[in-house]
Amino acid sequence: MHRNRPFATLLLLCLCLRASAQPGGDSITDPWSQVPAILRRIVPPQFPARDFVITDFGAVPDGRTDCTAAIARAIAVCADSGGGRVVIPAGTFLTGPIHLRSGIDLHLAATNSLLLFRTDPAAYLPPVFTRFEGTELYNLSPLIYALDCHDLALTGPGTLDAQADATNWFAWSKAPARARLLRMAEANVPVEQRQFGPADHLRPGFIEFNRCGNILIDGPRIRRSPMWEIHPLLCTNVTVRHVDIFSHGPNNDGCDPESSRDVLIEDCTFDTGDDCIAIKSGRNADGRRLHVPAANIIIRHCTMRDGHAGTAIGSEISGGCHDVFIEDCHMSSSNLVCALRLKSNAMRGGVLENIFMRQIDIGLVRDSVLQINFLYEEGTRGACQPVARNILLDHLSVAHTPRVLNVRGFPAASITGIRITDSVFHQVQSPDVVIDADVRLLRCTLDPAP
């Protein structure tokens, strides 16, 4: 069904639904009752009370001396001693990639503790096993990286600054090698043969924990990332809290839990050049080959400012996503496109289900409150059905939005059971767009702009 209702008709529909809906008429078992059990599984790691201060291993806080080797020595000694804190004291420390090991808490001890990352691509060799936008490969190392580790933390009030700008990493945002990587994945070329380096211009992520468990990121400020900022990949038991992210480059998502489960993101501030939070599960053939969904993700008490979406699901979502709970967040900016955004297409497919949002305070969004775009990029050109079902938004308070809904499906896709209940929308300017989708507003009030 294709609908682009005149605004007055839409307003009348919402008021009628509000008047006629019977209590419990759309009721289901409370999905939020699952949250306590998920939270019981999300337990931050504990570390021995041992500190290994990087200046004791040769690091110099002058912002010019390369401290990569000194930090690596501190990590090695800490890990070999049974774990503890690797401490970044006050001062500015220039470094290349930092590779963590199990049992390590990388701790920025003071508000003026600064890790300044080199922008020379050669510093991030040799290539490591990672994903680039949902596709597996060997590429430049993420700036902070761990593979197959457990009990990891990145804590403290200091700052991580990647120094990315248009003269270095951002200039790589249109790399032709991206298309070559996608062709290799569709042809099922073994991952070990997908070797990329500086000449290919595929940017590294900032913080990536890959196939890790028991992770805590608590406190740091993150600035000027090459692309995705926090990327838990194939991880379990992840806590991200009290993080302040300000990074406005291309593809600068704030936090991307990809094919990860039991994830808590709370009390964070996002001001980003792309989605504030973007949940992923692999792209196209790679996502279907691995088939590891993102699941059991709780987002609460966060502030979202600039960004494409407060929370996005997709577009690299071929492995699916289920059981996402978003509550008690504040979202507002003239540069925030929407509050919740689901993205896929017929190349990516994926089942996106059981997504719940409640008690969200939305000041201003640029396009809509809920955006579902199953015509993203390749659109209908593919054989995989994208599915969105059982998406429930409740008790939203919206001060200003051009429209409530911008939902674009196509006949071969499936968008069903999308409900917004008991919400208030002020300063609504335009009619909703709903194409090939089952979306209903129940007991909602729309206040049109004068």
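Quick one: the Cα spread of segment 296-375 along its three principal axes, in angstroms, biggest first?
Rounded to whole Å, the extents work out to 34, 25, 14 Å.
Give the residue from THR239, ASN284, TRP228 lying farthest towards the positive end of the charge dipole for segment 224-291; charges sit on Cβ (+1 for Lys and Arg, -1 for Asp and Glu) and the dipole is referred to the Cα centre.
Comparing the listed Cα positions along the dipole, ASN284 ranks first.
Using only Cα atoms, tell me the angle between helix 7-20 and the longest principal axis of the chain; keep it within 0 to 90° and round to the nearest 10.
80 degrees
So what's the angle, to the nearest 10 degrees on a 0 to 90 scale, between helix 177-186 and the longest Cα principal axis of the chain?
70 degrees
Over the Cα atoms of segment 44-113, each weighted equally, I'd like the Debye log10 I(q)/I(0) at q = 0.15, 0.25 Å⁻¹, rounded to two decimals.
Values returned for q = 0.15, 0.25 Å⁻¹ are -0.42, -1.10.
Have a look at the DSSP beta bridges in the chain and tell me what percent are antiparallel, nearest 5.
Here the share of antiparallel DSSP bridges comes out near 5 percent.
Using amide H atoms built in the peptide plane, which far-off residues or other-chain residues are under 5 Å from ASP447 H to H?
Amide H neighbours of ASP447: PHE425, HIS426, GLN427, VAL428.
Show me the trypsin sites (Lys or Arg not before Pro) within segment 159-191 that DSSP assigns to loop and that have at most 11 other Cβ atoms within 10 Å of their Cβ.
Qualifying residues, ordered by number: LYS174.
Using the Karplus curve 6.51 cos²θ - 1.76 cosθ + 1.60 with θ = phi - 60°, work out ³J(HN,Hα) for each residue of segment 255-260 in order, rounded to whole Hz, and write x for Gly and Pro.
After applying 6.51 cos²θ - 1.76 cosθ + 1.60, I find 9, 10, x, 10, 6, 10 Hz.
Any chance you could tell me what percent of the C-alpha pair distances in segment 248-382 go past 26 Å?
16 percent
Starting from the amide H of VAL53, placed 1.01 Å from N in the peptide plane, find each other amide H under 5 Å away whose residue is 5 or more places distant or on another chain.
VAL87
For the charge dipole of the chain, defined by +1 on Lys and Arg C-beta atoms and -1 on Asp and Glu C-beta atoms about the Cα centroid, which residue among THR445, ILE372, ILE299 has the Cα displaced farthest towards the positive pole?
ILE372
Mind listing the long-range amide H neighbours of VAL407? Cut-off is under 5 Å, sequence gap 5 or more, other chains count too, H placed in the peptide plane at 1.01 Å from N.
ILE372, VAL433, VAL434, ILE435
Rounded to whole Å, give me the distance from the Cα center of segment 393-419 to that of segment 68-126.
44 Å
Debye calculation, C-alpha points only, no solvent: report log10 I(q)/I(0) for segment 315-450 at q = 0.18 Å⁻¹, in the same order as the q values.
Taking Cα atoms of segment 315-450 as identical point scatterers yields -0.96.
Note down the nm distance, to one decimal, between modelled labels 7 Å out along Cα→Cβ at GLN195 and at ARG50.
3.7 nm
Rounding to the nearest 20 debye, state how big the charge dipole of segment 182-266 is about its Cα centre with +1 on each Lys and Arg Cβ and -1 on each Asp and Glu Cβ.
180 debye
Kindly put LEU202, LEU370 in sequence by how many other C-beta atoms sit within 10 Å of each C-beta, fewest to most.
Exposure proxy ranking, most exposed first: LEU202, LEU370.
Which one, LEU393, LEU106, LEU39, has the greatest fluctuation when you compute a Gaussian network model over the chain with C-alpha springs under 10 angstrom?
Checking each option, the largest mean-square fluctuation is seen for LEU39.
Using the alpha-carbon centroid of each, what span in Å lies between segment 147-200 and segment 227-256?
For segment 147-200 versus segment 227-256, the Cα centre distance is 14 Å.
For segment 177-309, report the translational diffusion coefficient in µm²/s to the nearest whole number, using Stokes-Einstein at 4 °C, 1.567 mPa s, and a Kirkwood Rh over Cα pairs.
Stokes-Einstein gives a translational diffusion coefficient of 84 µm²/s.
Which is farthest toward the positive dipole end of the chain among VAL53, THR167, ALA383, measuring Cα position about the Cα centre, with Cβ charges +1 (Lys, Arg) and -1 (Asp, Glu)?
ALA383
Using the Cα centre of the chain as the reference point, and only Cβ charges (+1 on K/R, -1 on D/E), how large is the resulting charge dipole? Debye, rounded to the nearest 20.
Using Cβ point charges on Lys, Arg, Asp and Glu, the chain gives about 840 debye.
Quick one: Kirkwood hydrodynamic radius for the chain, alpha-carbon pairs, angstrom, one decimal?
In the chain this quantity evaluates to 22.4 Å.
About the Cα centre, and with charges only on the beta carbon of Lys, Arg (+1) and Asp, Glu (-1), how big is the dipole of segment 49-91? Nearest 20 debye, please.
80 debye
Scattering from the C-alpha atoms of segment 17-170 alone, worked out with Debye: what is log10 I(q)/I(0) at q = 0.09, 0.11, 0.21 1/Å?
Reported log10 I(q)/I(0), two decimals: -0.41, -0.55, -1.38.
For helix 68-80, report the angle its Cα long axis makes with the longest principal axis of the Cα atoms of the chain; keep it between 0 and 90° and round to the nearest 10°.
The angle comes out at about 90 degrees.
According to the Kirkwood expression over distinct Cα-Cα pairs, how big is the hydrodynamic radius of segment 262-331, in Å?
12.4 Å is the Kirkwood radius here.
Since every read-out is calculated from the coordinates, none of them should be taken as a lab result. These numbers were taken from a predicted model, which means no experiment stands behind them. Positions of Cβ are backbone-derived with ideal geometry, glycine not excepted, and every protein chain shown enters the neighbour counts.
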